[in-house]
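The structure appears right after this line, and notes come after that.
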Amino acid sequence: MTAFPAGTILGYPRIGPRRELKKAVEAFWAGKVNLQALEQTAAQLRSAVRARLEQNGLQRHDSSIPESFSFYDQVLDAAVAVGAIPARFERLREADGSIGLPAYFTIARGEGDDAPLEMTKWFDTNYHYLVPEIGPETVFSLSSERYEQQVREAAAEGFAVRPVIVGPVTLLALAKASDEAPEGFDPLSRLADLVPVYQQLLARLRAAGAEWVQLDEPALVSESLPATTEQLGAAAKDAYTLLGEANDRPAIFVAAAYAALGDNLAALAATPVEAIGLDLSRGAVPAAVAGLEGKTLVGGVIDGRNIWRGDLAAAFDKLEQLRGLGANVAAGTSTSLQHVPHDVRDETALSEQLVSWLAFADQKVQQVVTLAQGLAEGRDSIAAELGAATAALADRSSAPGVRDGAVRERAAQLSADDFVRGDYEDRRVAQQERLQLPELPLTTIGSFPQTGDIRRARARFGKGEITQEEYDAFLRAEIDGVIALQEELGLDVLVHGEPERNDMVQYFAENLDGFDVTEHGWVQSYGSRATRPSILWGDVSRPAPMTVEWSRYAQSRTSAPVKGMLTGPVTILAWSFVRDDQPLADTANQVALALRDEISDLEEAGIGVIQVDEPALRELLPLKSVDQPAYLDWSVASFRLATAGAHTDTQVHTHLCYSEFGVVIDAIRALDADVTSIEAARSRMEVVHDIAASGFNHGIGPGVYDIHSPRVPSTEEIQSLLEIAVADIPAAQLWVNPDCGLKTRGYEETTESLRNIVAATRAVRENVTAAV
Ligand code: GLN
Ligand code: ZN
């Protein structure tokens, strides 16, 4: 068996430095290029990645270059490879039982009445994976040759790559029970049936020439899954004992990213796997366990989730410490680099100084290579690189803007009073007197469709083809249209539609000090979608009002209340790359103070309803239960700091983008927003039960329209959802709204859906009043 390479990365961005994969895949979906052309683009991208990784110091012959390509999602890749697809898509198999690329996309995106796999967040990241559906009826069988083909494709260019595949335990632990499964079915109970198929897969990879395979098992670190860490550890022990016993296989590297492996290190060490990857950027160097001799520990000391150059000397210290455990040690990234952009050298608009503090994927590869050299040749051999990184850190800590005296002074003066609003009952009465809302008030979540016209106008303004005045006039006309539409429909609390925002976080990043935005810093969010997180590098302050003019304008066009729209501190942090040199809590409070000033200016401009969106509150919840209370404390506190200055008669709304209300109910209550809107339509209001059971007594709007789908819900359908809600929750508390913002929808379906929502609400209002 060949030795594990001295340094490696757990995975590399697959979307292409200019989102080439997105463009190719979407062109294929639109019927503009054929399958062969798409496959060719993908092969070119993989080839370019291998070349790039070699250029950056990994080697072509030692399995240090991972093959982590995916057309859509790595979990779907593994599910399809082992044939774990829902019954409703079985018809898509080829005559020989295999699942081709068009079928793969259909499973990801749905077709007609066949809903796609559900999408959910991958651990505590902003990446979304597709949730496999597995039941007693699922027949596991090799159904795709993609992984082995990619090994052969690389070999043809002279590369010995290491295929990266989601492991069997994680695949099952992240799956949900299929529609056919009986109540209470646990997909993990199918492990013994699944492992033999992985065995076959490994044999095929070996036959294709793979010396090493990487099986990703992040489920082993999580305490936020239905299975306990003990159950997951026991499953891993079973699975890897069996996989390890097979002779006909590549050497196995099990990577456990996203947090500390804890006791599950011992579980893996007791199996025949040859290498184990530890996330040492989130977890500390563990204590020794039995069974490590002869194995390789891959120290994930280079953070795969942020874009900082970081403390390279400290990273090397951890690797030296890791050597104390008695295993061979290799240098690695903590996670796949799929969470960071390609190359900081692509950024021409960032200052040279900022660039010198940063490391995107390519720079992180170089850092790993440096550390690997240090492991092989001694610390002295990399002294210059360690020194340069330390100097960049020092430069960063003393650079202007990183610490802003006025911001720090203000944060230091905060007292407990700054985090509390007055009594809720007083607020409710004062707000009702001011707003005079009917029962079951109707509103939306904020954005209206971002049409091609809006995107074109923004692009033209960006290129200087239209003036600021022209662009502003365009946006005002958009707002006029959105307000008129809402009035005509008969909504009660109106929005301006957010046409000026390209993105709900980036818009604020562009208007706050302490942030920079990138040109090419795209990161895959799901499938063909990517986001461009901003870089929060310094103390945050607000040089000028950010949203007030748009809200003021919208309010001037109507006598109905217009809701001001802000993005909350937790979400701004979650969807940016955030400085790592101070606690997140401190950074969140700086953002909160900027928002607090914005709220006060909105009030001054006559805005009586203000929504502070926190869709990411759940996403940042730490994977380890010990870390959760502290997180909930600071995240809730930052929201309260942002909103607690609001007047008694200002109605504060918040919006959360998920329906796992039960998980964070205490936090939601603690936010103390007057009204909270959440997602509920897709689960047919399942959440209503949790809300009622929790005794939550503030305003609540469970969404009645699934905006993730182009489908228009009928009036009857919406009415039946509303009836579920009024049956359990007092009508005086209920709001009616869609699940989320409408920006990804078209006007036709939006208008029709909202019309049906209004009609359904009116019908339910009549019943409610009649009953009283
Ligand atoms: N106000 C935002 C919108 O409507 C909220 C989006 C979100 O929750 N992700 O677009
Ligand atoms: Zn939302």
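Here are the numbers:
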| quantity | calculated |
| --- | --- |
| Residue among 256, 306, 319 farthest towards the positive dipole end of the range 235-319, charges placed on Cβ | 306 |
| The range 426-465 shape via C-alpha gyration tensor axes, a/c threshold 1.5 | prolate |
| The range 616-719, relative contact order [Cα under 8 Å, separation at least 6], % | 22 |
| Per-selection metrics, the range 598-703 (Cα): Rg and Dmax in Å | 14.2, 44 |
| Reduced Cα scattering model of the chain, Debye log10 I(q)/I(0), q = 0.06, 0.10 Å⁻¹ | -0.38, -1.09 |
| Computed over the range 426-555, the ratio Rg/Rh where both radii use C-alpha atoms and Rh is Kirkwood | 1.02 |
| Scattering curve values for the range 90-129, log₁₀ I(q)/I(0), Debye with Cα scatterers, q = 0.21 Å⁻¹ | -0.72 |
| Around residue 289: net Lys/Arg minus Asp/Glu count, Cβ-Cβ under 12 Å | -1 |
| Residue-by-residue Karplus 3J(HN,Hα) for the range 633-641, coefficients 6.51, -1.76, 1.60, Hz, glycine and proline x | 4, 6, 5, 5, 4, 5, 5, 5, 4 |
| For the range 446-508 versus the range 596-629, the gap between their alpha-carbon centres in whole angstrom | 23 |
| Lysine pair number, Cα distance threshold 17 Å (strictly under), the chain, separation 8 or more or different chains | 7 |
| Computed P(r) (all Cα pairs; the range 364-427; 10 Å bins; percent) | 17, 23, 17, 16, 15, 9, 4 |
| Semi-axes of the equivalent ellipsoid for the range 391-442, Cα gyration tensor, largest first, Å | 45, 16, 8 |
| Equivalent ellipsoid, the range 711-759 (semi-axes from 5 times Cα gyration tensor eigenvalues, Å) | 22, 12, 8 |
| Leading residue at positive end of dipole, the chain (Cβ point charges), from 349, 170, 289 | 349 |
| Cβ-based net charge around residue 385, under 11 Å, with every Lys or Arg adding one and every Asp or Glu removing one | +2 |
| Centroid-to-centroid separation of the range 674-719 and the range 334-409 [C-alpha atoms, Å] | 45 |
| Which of 345, 206 has the fewest Cβ neighbours within 10 Å, and the rest in rising order | 345, 206 |
| Dipole of the chain, positive end: most advanced residue of 363, 160, 587 [Cβ charges, Cα centre] | 160 |
| Cut-off under 5 Å, modelled amide H: who pairs with residue 251 long-range | 212, 213 |
| For residue 162, distant residues with modelled amide H under 5 Å away | 65, 67 |
| Magnitude of the charge dipole, the range 43-141, Cβ model with Lys/Arg +1 and Asp/Glu -1, debye to 20 | 420 |
| Relative contact order (%) - the range 59-127, alpha-carbon pairs under 8 angstrom, separation at least six | 20 |
| Anisotropy class of the range 476-550 from Cα gyration tensor, a/c 1.5 cut | oblate |
| For the range 229-346, alpha-carbon Rg relative to the globular expectation (2.2 N^0.38 Å, N residues) | 1.10 |
| Percent breakdown of C-alpha pair distances by 5 Å bin, ordered from the shortest bin, for the range 630-772 | 2, 10, 19, 21, 18, 15, 10, 5, 1, 0 |
| Mean separation of Cα contacts under 8 Å (6+ apart) over length of the range 430-509, as relative contact order % | 43 |
| Magnitude of the charge dipole, the range 409-549, Cβ model with Lys/Arg +1 and Asp/Glu -1, debye to 20 | 540 |
| Dipole magnitude of the chain about its Cα centre (Cβ charges: Lys, Arg +1; Asp, Glu -1), debye to nearest 20 | 1500 |
| Per-selection Kirkwood Rh - the range 143-289 (Cα, Å, 1 d.p.) | 15.9 |
| On Cα atoms only, tilt of 312-323 relative to the major axis of the chain in degrees | 50 |
| Other-chain or far-sequence residues with amide H under 5 Å of residue 298's (modelled H) | 276, 277, 278, 330 |
| Hydrodynamic radius (Kirkwood) for the range 523-600, which is based on Cα pairs only, to one decimal in Å | 14.5 |
| The range 334-424: chymotrypsin sites (Phe, Trp or Tyr not before Pro) in DSSP coil with no more than 14 other Cβ atoms inside 10 Å | none |
| Separation between Cα centres of the range 740-764 and the range 12-55, rounded to whole Å | 37 |
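Bear in mind that the values in this text are calculations on the coordinates, not laboratory data. These figures come from a predicted structure and were not determined experimentally. Quick reminder, even Gly has a Cβ in these numbers, built from the backbone with ideal geometry, and neighbours come from all protein chains shown.
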